Amino acid sequence: MDDEIRVPIGSDQDIVAARHKGRALAAELGFSSGDATLIATAISELARNILTYAKTGEIRLKMIHGSIRKGIQVVAQDQGPGIANIEQALRDGFSTSGSLGLGLPGVMRLVDEFQVDSQNRQGTTVTIKKWKA
Amino acid sequence: MEVPILKQGDFLIATIQAALTDADLLQLRTALVQQVVRARSKGVIVDVTSLDVMDSFASRTLRDLAHMIRLRGAETVIVGIQPEVAFAMVQLGLRLEDVATALDLEEGVAYLNQKFKSIR
């Protein structure tokens, strides 16, 4: 169970596969069905960002151990164009793709911890953590 | 996976039965917009009871679908959004805006019947 689950993202079917695997792992770790839905939804948004902005990338899922509880970590990584202005991307209502523009701030509200690393033209890595209640 | 569309009197009923890809959702939208005219339907019910994730793409597609159907002269009601899905949608900041929703299929039919009674 400590193994990392890797889901390559390159098509809309991969988005469905990634969120299924996320939900399955959440269920396996004993997350409530509500929290599993939040995790699956967050994965869906991150996978879609990969597809929209970078075309291909990868979602990695794994169980993590905190000092008192278990959790899930999701890493969404791509080698795409990167986010030029992270601060702007984390603001509600901002989008460069003409989509809804609440991707990252929305995802941030679904999880407990959120971190984004991105360099212009060198890809983006978003790491989220959700701890078991 | 294609979503089956049933004709029931004046209404079309589309029941989503499995996790849909983006392409499936777009296909559903196109099929409903075409069939609503072909069947001369007054209302469309989209049953999302088995949908376990409603992300930004899905809600935008359903909202667009309802707006397109309204332009074709019919009404849409989305039924069966699960409580966990509703919670995640609100956290994510997603809204269906002016699209009608109902608890389940029965309530959806009642909503549309009521709507058309008041027009007549």
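What to note about this one:
- D by Stokes-Einstein for chain B, Kirkwood Rh over Cα pairs, 25 °C, 0.890 mPa s: 173 µm²/s.
- Cross-link partners of A:LYS62 among lysines (Cα-Cα below 25 Å; sequence separation of 8 or more within a chain): A:LYS21, A:LYS70, A:LYS129, A:LYS130, A:LYS132
- Only helices enter this figure: runs of n ≥ 4 DSSP H residues, each worth -39500 (n - 2.57), summed and divided by the residues of the protein assembly as shown, yield -13000 deg cm²/dmol at 222 nm to the nearest 500.
- Between helix B:56-71 and chain B: long-axis angle, C-alpha atoms, 0 to 90°, nearest 10: 10
- Taking the C-alpha atoms only, the angle from helix B:105-119 to the longest principal axis of chain B is near 40 degrees.
The numbers here are math on the coordinates, done by the rules we state, and not lab data. Remember, it's a predicted structure, so these values are computed and weren't measured experimentally.
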